[in-house]
Amino acid sequence: MKICIYGAGAIGGYVGAMLARQGVDVSLIARGPHLAAMKAKGLKLISAEDTFVVRPTVTDDPSELGPQDYVLLTMKAHGVRAVADAMQPLLGPETAVVTAQNGMPWWYFFGHEGPFENRRLESADPGGEIWEKIGPERAIGSVVWQAAEVPEPGVVKLGYGDRLALGEPDGSRSERIQALSKTLIAAGVKAPVRPNLRNEIWAKLWGNLSFNPVSALTAATLEAMAGDAGVREVIAGMMTEAQAIGEKLGVRFPMTVDKRIEAASAVGAHKTSMLQDLEGGRTMEIEPILGAVAELGRMLELPTPTIDIVYSLVVLRAKSAGCYAA
């Protein structure tokens, strides 16, 4: 089995290191100082359980690797369109592409029963470019529950979380997804196959679409936002609007809005990834997370007044900081 991790930063580096330690034929595509450090010293993974160094194949040129059995896209959502052309040498006739991004996946309506079957979401895939260049039939969805960081080039530190849920868009337990799940589990990555991954996509998106942009506007941690009565009301409003959209699409939410907010509060004084990106001058994941839900609201003719207000504000904040990508 040949696996390529495209965008081997924090999460990609974690998965790649675990696979490499298990002896899987895995290659990592990265860039800049992180790539240079991995070439020189290998990739070091630090976790609460262990610290080790591996030396998988690393490159910034996909054409050096040839066709793969699986390509795991672990860059941020707005980066997928940018690599759709470059990744073509990795794609053989049977290559599966695992999407490991936050927000609404570009393939969301592929095989989705109902009036929106095979509908393309402009906010997640402008112009349908990813759909055309990668192909939804290759897609295996995933929901990343791990948190990791790159404290220095060539080093990945796993924070919390231990699950990388997998799912076929049609909900089947295909041979390809079962083989991938078994390989990841054998390497120490919890990778259950979900019959309806869309429920889990929304479970994570529910928090990201509310806490992330509000944190970028307030510079507040999860605990601080949940503990402020006025801000909590805004977040609850966004979640309630999103829940109505998800449920109309057949999604089941695992808890109430209040319990979801309390779960985020329990994480403590944690800065969301969107706030960290803003502070670091990096492009923020706005469209696939927030823009997509607003787009779905319009499609379904469901009102999203709170989401729309926060969306407008955070887009301008990102543009002002040079951190916005359409």
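Values quoted throughout were computed directly from the atomic coordinates according to the rules given, and no laboratory measurement underlies them. Note that the structure is a prediction, hence the values are computed from the model and not measured. Here the Cβ is made from the backbone with ideal geometry for all residues, glycine too, and neighbour counts use every protein chain on show.
Data for the structure
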{"quantity": "Most mobile listed residue (LYS259, LYS182, LYS190) in the chain, GNM with C-alpha springs under 10 Å", "calculated": "LYS259"}
{"quantity": "Crossing angle, helix 229-248 versus the chain [Cα axis fit, 0-90 degrees, rounded to tens]", "calculated": "70 degrees"}
{"quantity": "Spacing of the two label points (7 Å from each Cα toward its C-beta) at ASN196 and ASP308, in nm", "calculated": "2.9 nm"}
{"quantity": "Gaussian network model of the chain, springs between alpha carbon atoms under 10 Å - residue of SER181, SER172, SER142 with greatest fluctuation", "calculated": "SER172"}
{"quantity": "Span from the the stretch 204-239 Cα centroid across to the the stretch 23-60 one, whole angstrom", "calculated": "35 Å"}
{"quantity": "Where GluC sites (Glu not before Pro) in DSSP loops with at most 10 other Cβ within 10 Å are excluded, longest remaining stretch of the chain", "calculated": "118-300"}
{"quantity": "Long-range Cα-Cα pairs in the stretch 2-195 (distance over 27 Å), rounded percent", "calculated": "24 percent"}
{"quantity": "Nearest-ten-degree value, helix 32-41 long axis tilted from longest Cα axis of the chain", "calculated": "40 degrees"}
{"quantity": "Calculated FRET efficiency for the pair VAL267/LYS41, C-beta based, R₀ 35 Å, to 0.05", "calculated": "0.60"}
{"quantity": "The stretch 292-326 versus the stretch 123-165: alpha-carbon centroid distance in Å", "calculated": "21 Å"}
{"quantity": "Distance violations [Cα-Cα > 32 Å] among LYS41/LYS76; LYS190/LYS319; LYS39/LYS204; LYS190/LYS259; LYS2/LYS271", "calculated": "LYS190/LYS319; LYS39/LYS204; LYS2/LYS271"}
{"quantity": "Cα pair distances of the stretch 239-326 binned at 10 Å [whole percent]", "calculated": "16, 38, 37, 9"}
{"quantity": "Rounded FRET efficiency, nearest 0.05, which uses the C-beta distance separating GLU117 from LYS259 and R0 of 51 Å", "calculated": "0.95"}
{"quantity": "Gyration tensor (alpha-carbon) shape descriptor, the stretch 143-204, a/c threshold 1.5", "calculated": "oblate"}
{"quantity": "Cα gyration tensor shape of the stretch 123-278, rounded if a/c is under 1.5, else prolate or oblate by comparing a/b with b/c", "calculated": "prolate"}
{"quantity": "Calculated over the chain: convex hull of Cα atoms, volume per residue (Å³)", "calculated": "123 Å³"}
{"quantity": "Rounded tilt (10° steps) of 175-186 against the dominant C-alpha axis of the chain", "calculated": "80 degrees"}
